[in-house]
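The values are calculated or read from the model by the stated rules, or taken from the named source; none is laboratory data. Since we're looking at a predicted model, the values are computed, not measured. Quick reminder, even Gly has a Cβ in these numbers, built from the backbone with ideal geometry, and neighbours come from all protein chains shown.
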Amino acid sequence: MPKRRTLLSACAASLLTGTSLMLPRQALAQAAPPAELATELPGALWAGSARMRFFGLDVYDTTLWVAPGFRAGSYAQHDLALALTYLRGLSGRAIAQRSLKEMGRLGDISPESAQRWLTAMLAAFPDVKVGDRITGLHSPAAGARFWHNGQPRAAIREPEFSRLFFGIWLSESTSEPQLRSALLAQTRP
């Protein structure tokens, strides 16, 4: 009974604060990376998973896959991938606009870059429904690539975009530090 009470307390706290809740590690640790990463991130290692909640509403489950040798403190210097599985329908425009807002919290973005990146994200992020998956791949020198339900969408070949975009989840300055901790749970020495 104490385990159940702890889980219920964590869920209640998550609902009240609007923060993320780590997903059960046992089930996710044995999951294979999405098929689109087989050739793009060979030897991918599961780093962690979490559920994003906003004002008590489940938004998406996210899983981080990293290349061997990954170091959380220098995430932007390593190949990595995030897979977001949506738990509610959202417009691609809303996803792109929220992403740009979060990226702006992490660093200065010129108006020209903001417009260019918003346009690129609108091409990368379709409207999603429950169960849809968007996978993003960060390559330090090449930028970012995206897939929707395993199908290629767009590449944004700007390393600074990619650093800030994946920093939404992985930067020490993220607006969701608990989610970051859950995603990086298996990368700690």
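Of the conditions (1) closer than 28 Å to THR39 by Cα; (2) surrounded by fewer than 20 Cβ atoms within 10 Å (Cβ to Cβ), TRP169 satisfies every one except a single condition; which number is it?
(2) is the only condition that TRP169 fails.
If LYS101 meets every condition in (1) of a type in the set (Lys, Arg); (2) touching a helix residue (DSSP H, G or I) at 6+ places or on another chain (Cβ under 9 Å); (3) at pLDDT 95 or above apart from one, which number is that one?
(2)
Given the options ALA182, ALA120, ALA124, name the one that is at pLDDT 95 or above, closer than 24 Å to LEU45 by Cβ, surrounded by 15 or more Cβ atoms within 10 Å (Cβ to Cβ) and among the aliphatic types (A, V, I, L, M).
Every option except ALA182 fails the conditions.
Answer yes or no: is there a residue in region 60-72 that is modelled with pLDDT under 95 and closer than 19 Å to SER175 by Cβ.
Looking for residues that are modelled with pLDDT under 95 and closer than 19 Å to SER175 by Cβ, one finds at least one in region 60-72, hence yes.
Hey, GLY131 hits all of (1) buried (at least 19 other Cβ atoms within 10 Å of the Cβ); (2) closer than 25 Å to ALA38 by Cα but one; which does it fall short on?
Going through the list (1) buried (at least 19 other Cβ atoms within 10 Å of the Cβ); (2) closer than 25 Å to ALA38 by Cα, GLY131 breaks only (1).
State all residues of region 134-148 that are without any contact (Cβ under 8 Å) to a residue 60 or more places away in the chain, out of contact with any Gly (no Cβ under 8 Å at 6 or more places or on another chain) and surrounded by 14 or more Cβ atoms within 10 Å (Cβ to Cβ); if no residue qualifies, say none.
If the condition is that a residue be without any contact (Cβ under 8 Å) to a residue 60 or more places away in the chain, out of contact with any Gly (no Cβ under 8 Å at 6 or more places or on another chain) and surrounded by 14 or more Cβ atoms within 10 Å (Cβ to Cβ), then ILE134, GLY136, ALA142, GLY143, HIS148 are the ones that fit.
Kindly provide the set of residues from region 57-113 that are in contact (Cβ under 8 Å) with a residue 40 or more places away in the chain, outside any strand (DSSP E or B) and of a type in the set (Val, Ile, Thr), ordered by number.
Result: ILE109, single match.
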